[in-house]
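The values are calculated or read from the model by the stated rules, or taken from the named source; none is laboratory data. Treat the numbers as computed from the prediction; the structure is a model and nothing was measured. Reconstructed Cβ throughout: ideal geometry from the backbone, glycine too, with neighbour counts over all protein chains shown. The protein model used for the area step is the full one, side chains on, heavy atoms only, and it has no ligands, DNA or RNA in it. Shrake-Rupley method; radii C 1.70, N 1.55, O 1.52, S 1.80 Å.
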Amino acid sequence: MPHLENMVLCRESQVSTLRSLFGERHHFSFPSIFIYGHTASGKTYVTQTLLKTLELPHVFVNCVECFTLRLLLEQILNKLNHLSSSEDECSTQITCETFNDFVRLFKQITKAESLKDQTVYIVLDKAEYLRDMEANLLPGFLRLQELTDRNVTVLLLSEIVWEKFRPNTGCFEPFVLYFPDYSIGNLQKILSHDYPPEYSADFYAAYINILLGVFYTVCRDLKELRHLAVLNFPKYCEPVVKGEASERDTRKLWRNIEPHLKKAMQTVYLREVSSSQWEKLQKGDTDSEQLKGLSAYTHVELPYYSKFILIAAYLASYNPARTDKRFFLKHHGKIKKTNFQKKHEKTSNHLLGPKPFPLDRLLAILYSIVDSRVAPTANIFSQITSLVTLQLLTLVGHDDQLDGPKYKCTVSLDFIRAVARTVNFDIIKYLYDFL
């Protein structure tokens, strides 16, 4: 089918396998098919496109949305009921509590003339979530054709392998189909297919070639690459719009886009700034420092006092305990760093990572750095618990240990510097590695 080949690129082998498994409408198909592959490898798109193009009766359900057994079974039955009857007849919602009820109701719905003598397909996307539901659910779906005595095929779409699904008690084995990652050639072909009508296909293909040359080593996710392609294309064709270069002047176009692609490299996957903010930065409307302040890593909404607790925790994690006297005691006398370094330090504490510290030490540092800024009457312990919940601090060891809890600070130096700036605290002055 040439129309289908234009819609689904670089997945000819998988489409051919699925079509042969589906067979003719009235043929009994394979009872269950398990499709797996990494994210953005085309599993959902290929399955949906194939079923819609061939106009096969199907129900598509996302297991993330249907997170309980009842929601999942009712969603399938109601969508199926909508397929088999007119809008007036299917106004009432079907309720279903158990898998036994589901089998009984499924038989009733599929008696309809519109679903008779043809295969019904149930597609369960993000099927890995089925493992967290009732133990009989996955084996039941795999044997649904046998249990209902109907021409039905269940397709399970997942990012993990079948071996992680198989129950210990055993089950009916589905037909397993693997979707491999797209190669660089596949990505080039798929992304080049999205060229805007006002530019030639060759011009857009040259842009995609440059984009993949920069990003392919760090990102092979088709969705992310497509987002980056759309986001950076206006900057690439800017010299052409201004009349400073022609579409074939590749070198000039590359020189114009190169610095912007390097900036975009820093935010792959992270979405630290929104697309509109990124476009403003591309145009030069927004100061980069101002934009940096909007970053997810540097802009954290914490209570004023919690920021000082986090700063104290960072200092306790990255400063040796013996240096506390030097930093936090007013009349500490002279302590030479060189003597310490000869005996103890072989490398930077920031390279070794955060060290655990007791609660007493955290509180001692906190009272020292807060000084008279805030009266230390806040509920410190609840704020420390909140920071642990936010994963900015980590509780080390067990809750029932007798010598008091120990913590680690898990934030980066850039993060803590940004937090310290919001309370006008110069943290570098108190870090042993930067003396």
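Brief remarks on what is shown
- Among (1) touching a residue at least 60 places away in the same chain (Cβ under 8 Å); (2) part of a loop (DSSP other than H, G, I, E, B); (3) of a type outside the set (Phe, Trp, Tyr) - the single one THR153 does not satisfy: (2)
- Those residues of segment 120-134 which are within 27 Å of LEU50 (Cα to Cα) and either in contact with a Gly (Cβ under 8 Å, 6 or more places away or on another chain) or among the hydrophobic types (A, V, I, L, M, F, W, C) (or both), in sequence order: VAL120, ILE122, VAL123, LEU124, ALA127, LEU130
- Annotation: ILE122 fulfils all but one of (1) at pLDDT 95 or above; (2) not in a strand (DSSP E or B); the unmet one is (2).
- If you go through segment 150-163 and pick out every residue that is out of contact with any helix residue (DSSP H, G or I) (no Cβ under 8 Å at 6 or more places or on another chain) and open to solvent by 70 Å² or more (accessible area, probe 1.4 Å), you end up with 1.
- Elements of type helices (runs of 4 or more DSSP H) in segment 309-389, at least 3 residues being at pLDDT 65 or above and in contact with a Lys or Arg (Cβ under 9 Å, 6 or more places away or on another chain): 324-328
- Boolean, HIS27 is in contact with an Asp or Glu (Cβ under 7 Å, 6 or more places away or on another chain) and not aromatic (Phe, Trp, Tyr): no
- The set of residues in segment 130-150 that are of a type in the set (D, E, K, R), farther than 25 Å from SER114 by Cβ and not in a loop (DSSP other than H, G, I, E, B) comprises ARG131, ASP132.
- Exactly one residue among PHE175, PHE233 is touching a residue at least 24 places away in the same chain (Cβ under 8 Å) and either surrounded by fewer than 14 Cβ atoms within 10 Å (Cβ to Cβ) or over 30 Å from PRO57 (Cα atoms) (or both), and that residue is PHE233.
- Residue in segment 33-52 that is more than 22 Å from the chain's Cα centre (by Cα) and more than 20 Å from PRO174 (Cα to Cα) present: yes
- Residues that are more than 23 Å from the chain's Cα centre (by Cα) and acidic (Asp, Glu), drawn from segment 166-199: GLU173, ASP194, GLU198
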